[in-house]
Amino acid sequence: MKDKEQPESGVGQGLVKGLSVTMRAMLKPAITQQYPHVKPDLPARSRGVIALKQENCTVCYKCSRECPDWCIYIDAHKEAHEPASGGKARSAKILDRFAIDYALCMYCGICVEVCPFDALFWSPEFEYAEYEIDLMTHEKERLEEWTYTVLPPPELEVGAQAAPGDGSAPELGTEPEAQAS
């Protein structure tokens, strides 16, 4: 059999090409983000931390049941409300404690997806580190603070249609009338 020979002109071309790429990279100035002093420009709707809107929570426990890490802790009690015009008294669950242990959380977002009343949202906040692991359990007051950093959903692209059921729940901090304009 005849051996396949490389042409003489191709010897060393790969080496030269590799060295040229290396030289171009070395001559470009390094880009360093000065993080603590200059905040990074995060993409829209980036996942940071889970925020809670307490008014929407009906204490259905879906988020804590579906969480694969069991890092959501919910405590509630029932209160009976007397009807205004006779009839049977109604009971409502009142949220006493809602906490997420971020030391256990794997940020999968299942709790946000299964919440039927839009009480959980992804907030772009990412600066919530603690020096001690037991301080990584954040209670409902801290989760409520992060609700105000949740961005509204992006506008639909031209020609796109809203999914059925979209627009039924008002966005954070907006009224349904203001949402339509």
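No value in this document is a laboratory result; all are computed from the given coordinates. Model, not experiment: these values are computed from the prediction. Positions of Cβ are generated from backbone atoms using ideal geometry, with glycine treated the same way; all protein chains shown enter the neighbour counts.
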task: Could you give me the radius of gyration and the Dmax of segment 49-153, taking only the C-alpha atoms into account and expressing both in angstrom?
output: 15.5, 55
- line: For Thr137, the residues 5 or more places away or on another chain with a placed amide H closer than 5 Å to its own amide H are Tyr102
message: How far apart, in nanometres, would the label points at Arg45 and Glu130 be if each is projected 7 angstrom from Cα along the Cα-to-Cβ direction?
response: 3.1 nm
field: Net charge dipole size for segment 49-153 [Lys, Arg +1 and Asp, Glu -1 on Cβ; Debye, nearest 20]
entry: 700 debye
- request: Read phi for every residue in segment 13-19 and hand back ³J(HN,Hα) as whole Hz from Karplus 6.51 cos²θ - 1.76 cosθ + 1.60, θ = phi - 60°, with x for Gly and Pro.
  value: 5, x, 5, 5, 5, x, 5
